[in-house]
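The structure appears below as structure tokens.
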Amino acid sequence: MSDDDDGIDLDDLKRRMDGALAALRQEFQSLRTGRASAAMLDPIMVDAYGTQMPINQVGTINVPEPRMITINVWDRGLIGAVEKALRSSGLGINPVVDGPIIRLPIPELNEERRRELAKLAGQYAEQARVAVRNVRRDGMERIRRASGMSEDDQKLWAEEVQALTDAAIRKIDAALEAKQAEIMQV
């Protein structure tokens, strides 16, 4: 089915639904699974030079081994601020300062923490599903408001939008299942 001049753009709806999935994957990367990942530090902001800066803009982040992250802080004067930001981040990681390098040993996750993270992953997935359903609602609203469209055409367009929604929800569910399996893996 092709897009008419009725204001229904399936490509736009699909792009917005894919955006919800991309945002979910980004949030999943910040969840600590017991393996070191530089993406875990993405949400952390450091109070540097009188402003809040992403941690990757004050030093070089490396993952030298599966359970270790290192941050080579470029300005020695910011080491304290970076350490403070890491301690208050809620990641549960204890930074070890070694000159200009801050080491972050990633501890093993206990069973209770794994369950909490799996539950949090579920909440992130639900937020993504809600975002997809909001895009669906916008699409359905456009179909309903389209002037000069027959009921049959409206039904066909609605089926297309629903098919896009179902596909996006399946992708979200698959991503959640994979992340929860990764979290629960010992």
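The values are calculated or read from the model by the stated rules, or taken from the named source; none is laboratory data. Computed from a predicted model, the values in this text were never measured in an experiment. Note that each Cβ is placed from the backbone with ideal geometry, even for glycine, and that neighbours are counted across all protein chains shown.
Numbers at a glance
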| quantity | calculated |
| --- | --- |
| Qualifying residue in the stretch 73-94 (condition: more than 22 Å from the chain's Cα centre (by Cα), of a type outside the set (Phe, Trp, Tyr), surrounded by 15 or more Cβ atoms within 10 Å (Cβ to Cβ) and not in a helix (DSSP H, G or I)) | yes |
| Selection status of Lys155, among the charged types (D, E, K, R), closer than 30 Å to Met40 by Cβ and assigned to a helix (DSSP H, G or I) | no |
| Residue within the stretch 120-137 that is without any contact (Cβ under 8 Å) to a residue 60 or more places away in the chain and in a loop (DSSP other than H, G, I, E, B) present | no |
| Enumeration of residues in the stretch 115-163 that are hydroxyl-bearing (Ser, Thr, Tyr), closer than 16 Å to Leu176 by Cβ and more than 18 Å from the chain's Cα centre (by Cα) | none |
| Residue that is out of contact with any Cys (no Cβ under 8 Å at 6 or more places or on another chain), farther than 30 Å from Gly77 by Cα and either surrounded by fewer than 15 Cβ atoms within 10 Å (Cβ to Cβ) or not small (Gly, Ala, Ser) (or both), where the choices are Arg103, Arg129 | Arg129 |
| Candidates Ala39, Ala20 - the one that is within 24 Å of Ala175 (Cβ to Cβ) and touching a residue at least 40 places away in the same chain (Cβ under 8 Å) | Ala20 |
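Condition check ((1) in contact (Cβ under 8 Å) with a residue 40 or more places away in the chain; (2) among the hydrophobic types (A, V, I, L, M, F, W, C); (3) crowded, with 16+ Cβ neighbours inside 10 Å) across all residues:
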residue: Glu141; (1), (2), (3): no, no, no
residue: Leu156; (1), (2), (3): yes, yes, no
residue: Ala163; (1), (2), (3): no, yes, no
residue: Asp173; (1), (2), (3): yes, no, no
residue: Ala178; (1), (2), (3): no, yes, no
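Let's see how each residue does on (1) touching a Pro at 6+ places or on another chain (Cβ under 9 Å); (2) at pLDDT 90 or above:
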residue: Phe28; (1), (2): no, no
residue: Asp42; (1), (2): yes, no
residue: Asp47; (1), (2): no, yes
residue: Asn62; (1), (2): no, yes
residue: Trp74; (1), (2): yes, yes
residue: Val82; (1), (2): yes, yes
residue: Asn94; (1), (2): yes, no
residue: Ile102; (1), (2): yes, yes
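Here's the yes/no breakdown for (1) buried (at least 17 other Cβ atoms within 10 Å of the Cβ); (2) at positive phi; (3) hydrophobic (A, V, I, L, M, F, W, C):
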residue: Asp12; (1), (2), (3): no, no, no
residue: Gln26; (1), (2), (3): no, no, no
residue: Ala36; (1), (2), (3): yes, no, yes
residue: Ile44; (1), (2), (3): yes, no, yes
residue: Gly50; (1), (2), (3): no, yes, no
